[in-house]
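Just so it is clear, none of the values below were taken in a lab; they were calculated from the coordinates. The structure presented is a predicted model; accordingly, all values stated were derived computationally and were not measured. FYI the Cβ positions are ideal-geometry reconstructions off the backbone, even for glycines, and counts take in every protein chain you see.
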Amino acid sequence: MTATISTTSVTPVRRRRRSARLSPLLVAFVLVPFAVESVWVFWPALQGFWFSLTRWDGMSSPAFVGTDNYVELAGDATFRGALVNTVIWLVLFGGLSVLGGFGMALVLQKERRGVGFYRAALFTPVVFSLVVTALVWRVFYQPDGIADTLLRAVGLESLIRPWLADPQTALYAVILPALWRQIGYVMVLFLAGLKAIDPALHEAARMDGANSWQRLRHVTIPQLKGVNAVVLSVIVIDSLRSFDIVWSLTKGGPYHSSELLSTYMYSTAFQSLRLGYASAIAVVIFVLALAVILGYLVRAFREEA
Amino acid sequence: MSDFDPGRRRFLGHLGLAGLGALGASSFLSACASSASGPATGSGSGAVTIQSNLSSPQAKAAMEKLIETFNKQGKGTASLNTIASETFRTQLPTYLTSANPPDLYTWYAGSVANDYASRDLLLDVSDVWKSLGDYPQSLRTLSTDASGKQIFVPMNNYWWGFFYRKSNFAKWGVQEPKTWTEFLAVCETLKSKGVPPIGIGLGDTPWVASAWFDYLNIRINGAQFHRELLAGKQRFDDPKVKAVFTRWREALPYFDPKGKAYPFQEATTALLAGKTGMFLIGTFFADAAPKDALGDLDFFRFPIIDPAVPLAEEAPTDGFFASAKTANPTGTRALLTYLASTEAQEAYVKASSGIVLPANPKAKASDSPLVAKGKAMLDEAKELTQFFNRDSSDALQPTADTALTKFIDKPDQIDAILREWQAGAEKVFKG
């Protein structure tokens, strides 16, 4: 450790010169993946923008229609519903998984007997494929299933309804399994962040008479800034791409009541075969994700500067 | 299951598999499978590749047997490629438009096939039809595209009806109703005995509701109007369409409330267990039924509402079409001729357990009383329709699912629902 520090401090000039000349290996490491990405990621993504300006059924060639698809989006009630549902999803799924994950991480950060078991238990749902998760939850929600049996057992029969088939409850009934899975994941991210906090900071705060709430507010949370950026990106991206669990449980139904932008995009593209219109929805999803994440990054950079 | 596809006769049968299909993972697999087998036909005389969506174990085995027999006959060679139904459905346009497509496909007759024909994607099989002189005119018309050439070779069809358990009807003391009034009376009797009279399964399989719409429409407005409506030549907010829903509303109180939440497979279980009285469904539902229950099953035709309307029944027809770009049209036509033969169709009916009627009029269907009754019902019909998506398009089906499930939940809002349906349909027709 000391050796490294002394070298870097003694030879700053040589180091800078070396990094100015790019090593061919480094260039290869950047350019090869970039070339692959260009073909498999950037080019199709750019094509998506182009398709959003066309009418295309996937069989004949796309016909340019200008901004018609976006004009139609503006007046599409299903799209508005899906947008509102996506926002609800972002707030509930994102908010609750952060709160839940952070809470669990706080509770489970101390090494105690059996804590490993609880951590593993909370993380287990992450391991399952979401389609398997959906199957399990479908059994939970089905008529006379576990949910109904539980409600009956505590005398709340009046609440029983077709959870996934009732437009009032479908969206929330789908958020729950998604949360069940996401909390474990977010917990692991926060656990890693908590482990990285220098215990001396807490020690010092305690010496200064800070109570545990003050230490959480003024030591732990500011120290987690790096992790927060990761968690936020993960949450936003996961929310906007949430598709599998919704599709396996309700397909966005009944009558679009649990429709998200992602499921609406899929059904528009692959059921209605309106690939141009679906591309326009995809562009909206892209812009939303970018706006949220860029907004956060800009703020984060400004604070650092 | 992502069994959005209504017209299909064979189902995967398990909830999970479809979910996998929706994930897209399996479409990658199948894309690999098809690209591996597709180019095999490159040399004009190579094996004919047949893409099959008949993925239930018995149907798959039946197809394998047919292809094996064909290969032994020395008129050409063929190789079978079985693909999960949902994947097949989403991939079919890709197969047909690819540069080097597989030769032959299992698919459905009607406007779904004609749509591909109008894009010049299907092989002209009029030659094959020359040897099918004894096929009924209805099947010939069904297999003919707008330009007057045949593009489809039917294999078999099946029927829809109200299925029930004979023992249960006897226990409840009710008879098969013939008219709408009798039907409602039976419903009332069952309801008074504490049995939900009409089973349905809309959770995950909302397209099942389309059978109700199809039947009410062909009973009230006739098959001609129904086809025009589905082709975009009539409007869904027409008062004639509203009349369909006014009738339907009379039966709504008798629907099993749990039917909204579970798929048709579970609705089948409920029917067999006597938890519902009857169930409007296609014969494919029996694939999932235990063998000992089959003997106790019977059905009656959708009740007559207006005797003046010519009798029409839903008889979805399954069969084959071929790619226009096949490298081996001779071999493909030879295989189609074989598949349409009495011998092949009887072999298929025997090997597959489903309750189906062979398309070839000389081929014998299985000799169960149920099948005989189904055949008699279809023979008596003046007109045959296919099913909502087969008479329109897979793209129009989701608009029906939305409108019909919403109507079942909120029958008061029928005017708004029909306006939305018309708007949704216009978008689909516009493309």
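Order of A:87-100, B:202-215, A:194-207, B:336-349 by packing, highest average Cβ count within 10 Å first?
Values: A:87-100: 17.6, B:202-215: 25.1, A:194-207: 12.4, B:336-349: 20.4.
Descending packing order for the listed peptides: B:202-215, B:336-349, A:87-100, A:194-207.
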GNM flexibility winner over chain A from A:127, A:84, A:41 (Cα, springs under 10 Å): A:41
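Counting each DSSP H run of 4 or more residues in the protein assembly as shown as -39500 (n - 2.57), what helix-only mean residue ellipticity at 222 nm follows after dividing by all residues, to the nearest 500 deg cm²/dmol?
Details: 37 runs with 415 residues, N = 736.
It comes out at -17000 deg cm²/dmol, rounded to the nearest 500.
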Other protein chain Cβ atoms within 10 Å, averaged over every residue that makes up A:244-256: 6
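Multiply the residue separation of residue A:160 and residue A:47 by 0.36 nm, subtract the distance between their alpha-carbon atoms, and state the gained length in nm to one decimal.
On the way: separation 113, 0.36 × 113 = 40.68 nm, distance 4.72 nm.
Difference between extended and current length: 36.0 nm.
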Eligible lysines near residue B:178 by straight Cα distance, threshold 17 Å, same-chain separation 8 or greater: B:166, B:373
Inter-label distance, nm, simple model (7 Å from Cα along the C-beta direction), residue B:423/residue B:275: 3.8
Förster radius 60 Å - calculated FRET efficiency between residue A:207 and residue B:235, Cβ distance, rounded to 0.05: 0.15
Under 14 Å, Cβ to Cβ, from residue B:251 - net charge with Lys/Arg +1 and Asp/Glu -1: 0
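Take the Cα gyration tensor of chain B, multiply each eigenvalue by 5, square-root it, and list the three semi-axes largest first, rounded to whole angstrom.
Values: eigenvalues 254, 112, 86 Å².
They are 36, 24, 21 Å, listed from largest to smallest.
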Top of B:152, B:321, B:407 by mean-square fluctuation, Gaussian network on chain B, Cα under 10 Å: B:407
Whole-percent pair-distance distribution, where bins are 10 Å wide, for the alpha carbons of region B:86-137: 19, 51, 23, 6
Across B:60/B:325; B:260/B:427; B:275/B:410; B:130/B:233; B:60/B:364, pairs whose alpha-carbon gap is larger than 29 Å: B:130/B:233
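Can you pull the Kirkwood radius for region A:76-304, inverse mean 1/r over Cα pairs, to one decimal in Å? List each step's numbers first, then the result.
Values: mean 1/r = 0.0508 Å⁻¹.
Computed over Cα pairs of region A:76-304, the Kirkwood hydrodynamic radius comes out at 19.7 Å.
What does the structure give for B:394-403 when I average, per residue, the other chain Cβ atoms found within 10 Å of the residue Cβ?
Values: counts 4, 7, 2, 2, 8, 2, 0, 5, 7, 1.
For this peptide, the per-residue mean of nearby foreign Cβ atoms is 4.
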At R0 = 45 Å, FRET efficiency that the Cβ-Cβ distance of residue B:343 and residue B:383 yields, to 0.05: 0.90
Burial ranking of peptide ranges B:84-91, B:414-421, B:274-281 (average Cβ count within 10 Å, highest at the top): B:84-91, B:274-281, B:414-421
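Counting only other chains, what is the mean number of Cβ atoms within 10 angstrom of the Cβ of each residue in peptide B:251-260? Don't jump to the answer; show the numbers that get you there.
On the way: counts 0, 0, 0, 0, 0, 1, 4, 5, 3, 7.
Mean inter-chain Cβ contacts per residue within 10 Å come to 2.
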